[in-house]
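Beneath this line is the structure, given in structure tokens, with notes to follow.
The values are calculated or read from the model by the stated rules, or taken from the named source; none is laboratory data. Predicted model, so just to flag it, every value in this text is computed and none were measured. Counting neighbours? That spans all protein chains shown, and the Cβs are built from the backbone with ideal geometry, glycine included.
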Amino acid sequence: MSEALIQLRDVRRVYEVGEMEVHALRSVDLEIQAGEYVALIGPSGSGKSTLMNTLGCLDRPSHGSYLLGGEEITTMNRDERAAIRNRRLGFVFQNFNLLQRTSAMENVELPLMYAAKMTSKQRHEQAEKMLSLVGLGDRLDHHPSQLSGGQQQRVAIARALVNEPSILMGDEPTGNLDSKTSRDVIRLFRELNQTQRITVILVTHDANVARNADRIIVLRDGEIVEDTDDFEHAKRALEVAPL
Amino acid sequence: MSFWDTFRIAVLALRKNKMRAILTVLGVVIGIAAVTTIVSIGEGAHRLVQSEFKTLGTNVILIFPTYDNSGGVRGERQASLSSTDADAIVRDCREVVAASPLVWTGGQVIYGNDNWNAKTMMGVGENYLTVRNWDLEAGSFFGRGDIEASSKVCVIGQTLIKELFRTSNPIGASIRVNSVPFRVIGILDAKGAGLDGSDQDDVLLMPHTTVRKRINGTAFDEVHGIMASAREVSTMGAATSEIKQLLLQRHKIDDEEKADFQVQDTTEIASALTMITGTLTAMLSAIAGISLVVGGVGIMNIMLVSVTERTREIGIRMAIGARGRDILRQFLLESVLLSCLGGLIGLSLGTALSMAAATAINTYKPDLEWPMVISIPAALVAMGFAAAVGMFFGYYPARRASRLDPIDALRYE
């Protein structure tokens with residue numbers, strides 16, 4: 001078997017809140033192959049957001065090893081991790097996190113500005129291509145406030161994809177959308193996964209999102225309690241606390 | 001991120017809050033405007049001093065008697081300078097072109113039913129106009145013969161014509177100076193206001209011998225000063241020391257410290273005056289500079305608010321790959337832009353103010369001919385200073401922004 005895209009080895013994350021130590025992640029071992037479609041589910045406080053932040057190179061684990069495409073992330077400094085985020089990862093958030101009073105086009109161009117040199121013409125073309133891909137080719141100059149929730153999330157997805165990352169990460173990407181637009185967004189993720197071979201990792205509370213994934217990882221109290229391709233298994237693991 | 005992109009983002013961010021940007025830079029505006037105005041006025045004063053010294057004659061050397069005060073008692077006033085000293089200076093000092101004794105007097109000038117107190121009433125030698133680089137408008141000046149004969153002739157300045165003669169021709173007219181009758185033989189060219197703003201044309205010149213004997217009534221050949229002119233401005237030092245040596249020798253004084261006269265040249269006086277105006281300008285500029293510092297603190301304050309307000313934006317930028325230094329540059333450039341904007345407004349305001357000041361001075365005192373000075377180097381320095389203020393006071397907020405934790409920043413409401 002070829003080397004996994006993501007390899008976590010005994011990853012732990014401990015926060016110190018005053019005198020108390022909070023173990024957000026107790027010990028996580030995980031491998032994700034390129035091209036997988038993974039959903040992370042679990043009750044509040046299970047550590048799924050922490051795991052997501054760790055996978056997204058926003059957070060650094062207190063212990064363990066994280067290899068992303070063979071590169072050790074845990075020993076990187078802030079700027080190196082920023083470069084990794086820019087080059088290899090695309091983020092989609094629950095509340096879209098677009099820059100207000102900035103056009104869709106410019107929002108999508110933003111990661112390119114922080115990336116390697118590219119002329120502004122090339123940037124425009126790339127951003128336009130991505131917005132067309134998510135079906136917003138006719139909304140380039142709209143500001144987020146002029147777009148619906150679903151459209152905003154599409155802009156966010158276009159922004160996440162513009163640097164052609166290997167992994168697309170979603171933190172509750174459908175959390176603020178109605179069921180119809182949710183379905184559209186889920187379909188878009190599925191499409192990107194199948195046609196562009198982009199690895200998709202989503203944190204979600206939404207059963208529909210989870211059901212759609214090829215692989216479901218259930219977290220509870222900072223540990224992985226189930227790792228399955230069967231949604232029913234995952235659902236049971238969620239409902240029953242393991243003894 | 002390229003500089004141009006950073007610049008564009010900073011401009012956009014400022015444009016989103018125009019009113020706030022304007023209010024933020026007000027301190028810098030006032031500071032730069034004040035400094036610009038003060039420097040411009042100071043520079044104007046400096047130019048004025050210089051041009052006035054040109055009308056006085058840039059190569060003029062003044063010799064005045066000093067009196068021995070040793071022993072705490074002001075000694076018997078002795079005639080330490082005489083007109084023969086002036087003659088000797090012309091004869092023996094190679095670097096001196098001309099020299100004239102000066103004898104002051106004062107009193108009333110009467111012509112017909114009019115009288116006038118001329119500001120300067122002075123006995124001089126036949127070379128006086130050469131020394132002062134002054135010309136006659138009409139008539140002639142008194143010569144050696146008039147001096148030796150103590151002739152009762154005089155030459156008058158333009159102001160006396162206005163005050164005494166009005167329309168009638170003064171040449172050949174008889175005026176009385178402290179009841180001594182004088183015949184007017186010449187009229188001086190107009191010279192305008194002097195350094196202190198006084199009227200240089202309010203002058204009456206007579207042979208020094210006549211003033212001494214007939215008006216002041218002194219028996220001894222005593223003069224109040226000697227005015228000499230050097231061949232060139234560049235050789236004034238040489239001329240000055242020649243005069244010193246000659247007079248020491250003539251007065252039989254070995255020790256230069258004990259000299260009974262002092263020699264000043266106008267460059268010395270000019271540089272002293274320039275130093276005074278320069279010091280004043282610097283001091284006032286420093287006070288105005290305080291406003292710049294206050295303005296800088298204002299910028300820092302608003303930048304801190306801005307960083308807090310835009311925490312989420314910073315989080316987003318970091319999540320998609322902005323490095324710490326990208327964020328630092330963005331906020332730093334924003335504050336530098338702010339302060340440069342303030343500098344630019346301040347510079348325009350200051351220029352307008354100094355133009356207004358020059359106009360006001362010229363309206364109030366037209367004969368001063370106050371010059372309007374716009375100094376490009378000073379403007380550049382002011383802009384540089386404004387940028388430096390933005391850089392200095394913007395650094396802390398920008399650094400704070402760049403150090404935010406991306407996760408916390410993203411969660412910030």
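With the checklist (1) surrounded by fewer than 17 Cβ atoms within 10 Å (Cβ to Cβ); (2) more than 9 Å from chain B (Cβ to nearest Cβ); (3) out of contact with any Lys or Arg (no Cβ under 7 Å at 6 or more places or on another chain) in hand, flag the one item A:LEU55 doesn't pass. Condition (1) is where A:LEU55 drops out.
Here's the yes/no breakdown for (1) small (Gly, Ala, Ser); (2) surrounded by 17 or more Cβ atoms within 10 Å (Cβ to Cβ):
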| site | (1), (2) |
| --- | --- |
| B:VAL155 | no, yes |
| B:GLN158 | no, yes |
| B:ILE161 | no, yes |
| B:GLY172 | yes, no |
| B:ARG183 | no, no |
| B:ILE187 | no, yes |
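Filtering the range A:8-29 to residues that are without any contact (Cβ under 8 Å) to a residue 12 or more places away in the chain and charged (D, E, K, R) leaves A:GLU16, A:GLU19, A:GLU21. Of note, A:GLY42 satisfies the criterion of being on the phi > 0 side of the Ramachandran plot, buried (at least 22 other Cβ atoms within 10 Å of the Cβ), at pLDDT below 95 and not hydroxyl-bearing (Ser, Thr, Tyr).
Listed here are the residues, each with its yes/no results for (1) farther than 30 Å from B:SER51 by Cα; (2) aliphatic (A, V, I, L, M).
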position	(1), (2)
B:VAL293	yes, yes
B:GLY321	yes, no
B:ARG329	yes, no
B:LEU332	yes, yes
B:LEU338	yes, yes
B:GLY342	yes, no
B:ALA356	no, yes
B:THR363	no, no
B:LEU368	no, yes
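The set of residues from the range B:260-283 being within 17 Å of B:VAL96 (Cβ to Cβ) and in contact (Cβ under 8 Å) with a residue 60 or more places away in the chain comprises B:PHE261, B:GLN262, B:VAL263, B:GLN264, B:ASP265, B:THR266, B:THR267.
The residue that is nearest to A:VAL92 (Cα to Cα), among those in the range A:192-222 that are of a type outside the set (Lys, Arg) and surrounded by fewer than 17 Cβ atoms within 10 Å (Cβ to Cβ), is A:HIS205. For the range A:30-44, the set of residues classified as within 20 Å of A:HIS63 (Cα to Cα) and either touching a Phe, Trp or Tyr at 6+ places or on another chain (Cβ under 8 Å) or free of Cβ contacts under 8 Å to residues at least 60 places away in the same chain (or both) consists of A:GLU31 only.
Pairs linking a residue in the range A:77-104 that is within 7 Å of another protein chain (Cβ to nearest Cβ) and closer than 26 Å to A:ALA34 by Cβ to a residue that is among the hydroxyl-bearing types (Ser, Thr, Tyr) and crowded, with 19+ Cβ neighbours inside 10 Å, with Cβ atoms under 6 Å and 6 or more positions apart or on different chains, are A:ASN86/A:TYR114.
Residue check: is B:ALA382 away from every other protein chain (no Cβ under 14 Å), touching a helix residue (DSSP H, G or I) at 6+ places or on another chain (Cβ under 8 Å) and surrounded by 18 or more Cβ atoms within 10 Å (Cβ to Cβ)? Please lay out each step first, then the result.
Details: away from every other protein chain (no Cβ under 14 Å): yes; touching a helix residue (DSSP H, G or I) at 6+ places or on another chain (Cβ under 8 Å): yes; surrounded by 18 or more Cβ atoms within 10 Å (Cβ to Cβ): yes.
Yes: the conditions hold for B:ALA382.
The conditions of being over 30 Å from B:ALA86 (Cα atoms) and out of contact with any Gly (no Cβ under 8 Å at 6 or more places or on another chain) are not met by B:ILE299.
The single condition among (1) in a helix (DSSP H, G or I); (2) touching a strand residue (DSSP E or B) at 6+ places or on another chain (Cβ under 7 Å) that B:GLY145 does not satisfy is (2). Could you list all residues from the range A:106-130 that are β-branched (Val, Ile, Thr) and over 17 Å from A:GLY90 (Cβ atoms)? A:THR119, the sole residue that qualifies.
Of the residues screened, B:ALA319 is not one that is farther than 27 Å from A:ASN77 by Cα and either within 14 Å of chain A (Cβ to nearest Cβ) or modelled with pLDDT of 85 or more (or both).
Hey, among the residues in the range B:212-263 that are of a type in the set (A, V, I, L, M) and closer than 28 Å to B:GLY107 by Cα, which one's surrounded by the fewest Cβ atoms within 10 Å (Cβ to Cβ)?
Quick first cut of the range B:212-263, residues of a type in the set (A, V, I, L, M) only: B:215, B:219, B:223, B:226-228, B:230, B:233, B:236, B:238-239, B:243, B:246-248, B:253, B:259, B:263.
Next, from what is left, pick out any that are closer than 28 Å to B:GLY107 by Cα: B:215, B:219, B:223, B:226-228.
Values: B:ILE215: 21, B:ALA219: 8, B:VAL223: 29, B:ILE226: 29, B:MET227: 23, B:ALA228: 27.
Result: B:ALA219.
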